[in-house]
Every structure is written in structure tokens, then in C-alpha cells.
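Step one of this worksheet: look at the structure below.
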Amino acid sequence: MTRVVVFTTGGTIASRYDADVDGFVPVVSGDDLVAAVPGVQVAAEVEVVELANVSSTFLTPTLVFEWCRTVGKRLADPEVCGVVVTHGTDTLEESAYLFDLVLDTHKPIVFTGAMRTSSELISDGPRNILTSVRVAADPEAAGLGVLVVLNEEIHAARDVTKTHAEALDAFQSPNLGPLGRISRGWGEDHIRLYRAPRCREHITTDRIEPAVAYVKTVMGTDSLMIDAAVTAGARGMVIEAFGGGEVTPFMADGIDRARRAGVEVAVCSRALRGRPLDLYAEIGEGKWLRDHGVHFSDSLTGPKTRIKLMLALGAADPADVGQYF
Ligand code: ASP
């Protein structure tokens, strides 16, 4: 028998209708959540640890970094073959990517959640827990980094993002597609993995830098938010640039001031797919940003670029942060 530890944290998957507040709230305990999944104890010997029971909107990178250590310690037990983390879907992709960068293990770590609460007809939570436990118990899923399993699909934490506010197939990997899927079979589902991620990264650090600001570029954006973040003590800043990796010329002075103040700046693309480029040379464009010491995030989304910069700033002196980008 294989032992899988399910760490529960809250979110829609643990939510139910509460008449007092006339809305959904996360109140289902970890034990009750797993007990409601038919067949889960057949898939593996399941142990439940409740880390929290909150909406994932309440989480901070510092708290998730602490959870990473707790999960890492439990994974070191030779009896444990893998773990599942149940999580609210709003920030699931950030926590999964944080775990992916920090935890250096071969054992499967699977994040899952749900788009429907247990109070709604046809909740996806129990099925997502069952398939996630199956993936965590499967030796085929080892060495692939942190996985995100929802709606019968297996995604790499680096690639996946929530693409829909309420649909069951909300989680997708727009750049590269899923790694595999859970396919129906007689008696038992089959885990079908079709590809392995090649660009896995790891950051060794005992600290995460919380003071990393986030600025989005839209038509006509100026330096107001950039300057405000620097004044407020930001150590790092992620700028979500236009699709090709450019910001407006009105942000250039602010970026220059931020760099002179010692703030590490990383740029990502606001387009759903692709990466920022350093081909255009006018003020605020990719070549200009590169020449001003701005880091480029490849095909990471903005929220994941921020997690990476926070960990990189925790791991290294600002001058050495560039090695991670
Ligand atoms: N607000 C919820 C959360 O992220 C949404 C969800 O789980 O789908 O915790």
C-alpha cells in the first residue's frame, strides 16, 4: 500500500453554503473533505493534515513558504510516496509554483481545488481529490515537479493558469498544454502522461522577500505606481509589460529611478502566451529595459514572475538575482 498525505487549506473545495451570511464559506474540515470521496482509501493509504481552512485570497507568499517546509518535512518520511495539497483556485497557481521552485524532491506533489462547492449540484471537488491522490501515488508522476490536477488534466505548476472565473475547465496551460490526463478505464482510471517538463528550476533559500511590488502596463501608464512602490520600500518589482515586452515611455523615468534605488525589476508579458522580447530599442521597449538591468521572465505569468523574484531576492544578493532569470 502507498501512503499519500493530503494537506488541506480551504477554498471552494472546502466550502459550503452558509445561510447566516447567504454565501459560500470554507468550513468543511480536512477529514470530512477526504471522507466524502468514494474510493479514496482504495487508491492509497491516505493521511490528512489540515494546514488551514481559508479562502486562498487570504494567503501570503510568506505563509505558503512556511507550508512548503512543513510539507517538505513530511515528504522526507520514507513511508510517504507523495502528497496532495487542496487549495482555493484563486491563488493555487502561485502556491504550486512556489512549491515547485523550493521543494527539491522526486516524489509527486499534486495541487488541486474545485470550481464548485459541495452545496452545488455536481461538485468537482471529490473527483479532483480522487484523481489527485491517484497521481500522487503513481511512480510515473515522480520527478516531474509540482503538478496541478483538476478536471481530469495533469498540468505542470510552471505552466498552468486559471483561465476562466467559473468553468470546470478553468485551469489550462496556454503556452504548452497539459502534461497528461486521467483517462477512464474499467474499474479504475488510467493516468496517461504524454510529456515531461524540461525547464524545471530550483531556488535554494531559507527566506522569501515579501516586498515585491506588481505594476501592470496599460495604454498611457505613467511612473506613479512605480515611484510609490519605491517610496514604500519595495525591494523588487514585477512589471507586466505589453505583449511584446514593452512598457510605455512614461514609465521609463520611474524604472530608471527604481533601478538607481537598488530595486530589482523583472518584466513579463501581459499576453496569454509567449515571452517578453528585447528586440525593440525605443525608450521603454525591450532593448531599453535590458540595457537598464531589467530581468526577463520568459513565458512565466506575472504572478509567477513575482513568486520567482521573491525567492530569488531571498536566496541571493540583489546583484546576483539575474542568475535566476
Ligand atoms: N475564493 C476561492 C479561493 O480561492 C475560490 C476557489 O477556491 O475557487 O479560495
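The values are calculated or read from the model by the stated rules, or taken from the named source; none is laboratory data. Small disclaimer: the values here were computed from a predicted structure and weren't measured. A quick note on method: Cβ atoms are made from the backbone with ideal geometry, for glycine too, and the neighbour counts reach across all protein chains shown.
Assessment of the range 257-267 against the conditions (in contact (Cβ under 8 Å) with a residue 40 or more places away in the chain and of a type in the set (Asp, Glu)) yields at least one matching residue. Residues in the range 84-128 that are in contact with a Leu (Cβ under 7 Å, 6 or more places away or on another chain) and either within 16 Å of Ile191 (Cβ to Cβ) or of a type in the set (Phe, Trp, Tyr) (or both): 7 in all.
Gly23 falls short on exactly one of the conditions (1) within 14 Å of the ligand (Cβ to nearest atom); (2) touching a helix residue (DSSP H, G or I) at 6+ places or on another chain (Cβ under 9 Å); (3) without any contact (Cβ under 8 Å) to a residue 12 or more places away in the chain, and that condition is (2). On the given criteria, is Met251 buried (at least 22 other Cβ atoms within 10 Å of the Cβ) and free of Cβ contacts under 8 Å to residues at least 40 places away in the same chain? It is true that Met251 is buried (at least 22 other Cβ atoms within 10 Å of the Cβ) and free of Cβ contacts under 8 Å to residues at least 40 places away in the same chain. If you filter the range 238-283 down to residues that are of a type in the set (Val, Ile, Thr) and outside any helix (DSSP H, G or I), you find that the one that is farthest from Leu300 (Cα to Cα) is Ile283.
The number of residues in the range 312-321 that are modelled with pLDDT of 95 or more and over 16 Å from Ala234 (Cβ atoms) comes to 1. Inspect all residues belonging to the range 1-8 and state whether any of them is modelled with pLDDT of 95 or more, in a helix (DSSP H, G or I), polar (S, T, N, Q) and out of contact with any Lys or Arg (no Cβ under 6 Å at 6 or more places or on another chain). Within the range 1-8, none of the residues are modelled with pLDDT of 95 or more, in a helix (DSSP H, G or I), polar (S, T, N, Q) and out of contact with any Lys or Arg (no Cβ under 6 Å at 6 or more places or on another chain).
Phe65 passes every criterion in (1) buried (at least 22 other Cβ atoms within 10 Å of the Cβ); (2) within 16 Å of the ligand (Cβ to nearest atom); (3) assigned to a helix (DSSP H, G or I) apart from (2).
Out of curiosity, is Pro38 more than 13 Å from the ligand (Cβ to nearest atom), farther than 27 Å from Pro139 by Cα and not small (Gly, Ala, Ser)?
no
Could you tell me whether the range 180-195 includes any residue that is in a loop (DSSP other than H, G, I, E, B), surrounded by 13 or more Cβ atoms within 10 Å (Cβ to Cβ) and modelled with pLDDT of 95 or more? No, because not a single residue in the range 180-195 is in a loop (DSSP other than H, G, I, E, B), surrounded by 13 or more Cβ atoms within 10 Å (Cβ to Cβ) and modelled with pLDDT of 95 or more.
Could you grab me the full set of residues in the range 31-62 that are in a helix (DSSP H, G or I) and on the phi > 0 side of the Ramachandran plot? So that I can check it myself, show each step before the final result.
Let us first name the residues in the range 31-62 that are in a helix (DSSP H, G or I), namely 31-35, 40-43, 56-58, 61-62.
Across the range 31-62, there are no qualifying residues.
Condition first: under 21 Å from the mean Cα position of the chain (by Cα) and either farther than 25 Å from Val84 by Cβ or outside any strand (DSSP E or B) (or both). Can you find one or more residues in the range 220-235 that meet it? Step through it out loud before you land on a result.
Filtering the range 220-235 down to residues under 21 Å from the mean Cα position of the chain (by Cα) leaves none.
Scanning the range 220-235 turns up no residue that is under 21 Å from the mean Cα position of the chain (by Cα) and either farther than 25 Å from Val84 by Cβ or outside any strand (DSSP E or B) (or both).
Scanning the range 115-131 for residues that are under 30 Å from Leu313 (Cα atoms), surrounded by fewer than 24 Cβ atoms within 10 Å (Cβ to Cβ), of a type outside the set (Lys, Arg) and within 19 Å of the chain's Cα centre (by Cα) turns up nothing. In this structure, Tyr280 does not qualify as closer than 28 Å to His202 by Cα, surrounded by fewer than 21 Cβ atoms within 10 Å (Cβ to Cβ) and in contact with a helix residue (DSSP H, G or I) (Cβ under 7 Å, 6 or more places away or on another chain). Only a single criterion out of (1) out of contact with any helix residue (DSSP H, G or I) (no Cβ under 8 Å at 6 or more places or on another chain); (2) more than 16 Å from the ligand (Cβ to nearest atom); (3) touching a residue at least 40 places away in the same chain (Cβ under 8 Å) is not satisfied by Val54, namely (2).
Just one of the numbered conditions (1) more than 12 Å from the chain's Cα centre (by Cα); (2) surrounded by 15 or more Cβ atoms within 10 Å (Cβ to Cβ) is not true of Ala157: (1).
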